[in-house]
Amino acid sequence: MKRCHFVRHDGSEQQLVPDPISAEGRRARLEAGNPVLSRALGFLSVSILAVAVVLGVPQIVEQITLLPPIADHIGTFSSPFRLPAVANTALFVASVAASTERALRLRYSWLLDGSAFGGGTFGGN
């Protein structure tokens, strides 16, 4: 979400801010009170998501290509990465936490949050 405004009947707008006790409000307070830590958390979450894509997607593609109908038509793919179950579970949990952090920031990045293929957001903004 890029922004959220309340539009009154007379057409005037007021930008809405998250409730201070909500998760989004606490994240906004952290960003206002400690911008260096906030940027570090943001960088860490993007890094975790990038690692999850690089390590996870090839493993998922390998599993999908092992299905007999797909293997018969296009062949199989062998992932260059073979992580143990514990590492894959840790990667999944870390990526869920990083995705949650990205969502709580209430910031929009066309690369990370939007569709690179023309989807965009609902309603234009």
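Please verify whether segment 11-19 includes one or more residues that are hydrophobic (A, V, I, L, M, F, W, C) and either touching a Lys or Arg at 6+ places or on another chain (Cβ under 9 Å) or surrounded by 14 or more Cβ atoms within 10 Å (Cβ to Cβ) (or both). Yes. Can you confirm whether segment 9-24 contains a residue that is out of contact with any strand residue (DSSP E or B) (no Cβ under 8 Å at 6 or more places or on another chain), at pLDDT 90 or above and under 16 Å from V96 (Cβ atoms)? Looking for residues that are out of contact with any strand residue (DSSP E or B) (no Cβ under 8 Å at 6 or more places or on another chain), at pLDDT 90 or above and under 16 Å from V96 (Cβ atoms), one finds none in segment 9-24, hence no.
Selection of first residues in segment 59-88 that are free of Cβ contacts under 8 Å to residues at least 12 places away in the same chain and of second residues that are surrounded by 10 or more Cβ atoms within 10 Å (Cβ to Cβ) and outside any helix (DSSP H, G or I), restricted to Cβ pairs under 7 Å at least 6 apart or on distinct chains, gives the following pairs, ordered by first then second residue: L66/T76.
Only a single criterion out of (1) in contact with a Ser or Thr (Cβ under 6 Å, 6 or more places away or on another chain); (2) modelled with pLDDT of 90 or more is not satisfied by E31, namely (2).
With respect to the conditions (1) closer than 30 Å to P18 by Cα; (2) among the β-branched types (V, I, T); (3) free of Cβ contacts under 8 Å to residues at least 12 places away in the same chain, V46 lacks only one, and its number is (3).
A count restricted to segment 20-43 and to residues that are without any contact (Cβ under 8 Å) to a residue 24 or more places away in the chain, surrounded by 12 or more Cβ atoms within 10 Å (Cβ to Cβ) and closer than 30 Å to P80 by Cα stands at 0. When A87, A40, A52, A103 are screened for being modelled with pLDDT of 90 or more, assigned to a helix (DSSP H, G or I) and under 13 Å from the mean Cα position of the chain (by Cα), only A52 passes. Filter segment 47-67 for residues that are crowded, with 16+ Cβ neighbours inside 10 Å and of a type in the set (A, V, I, L, M) and give the result. Passing the criteria: I48, L49, A52, L55.
The values are calculated or read from the model by the stated rules, or taken from the named source; none is laboratory data. What you see is a predicted model; the values in this text were computed from it and never measured. Cβ atoms come from the backbone with ideal geometry, glycine included; neighbour counts cover every protein chain shown.
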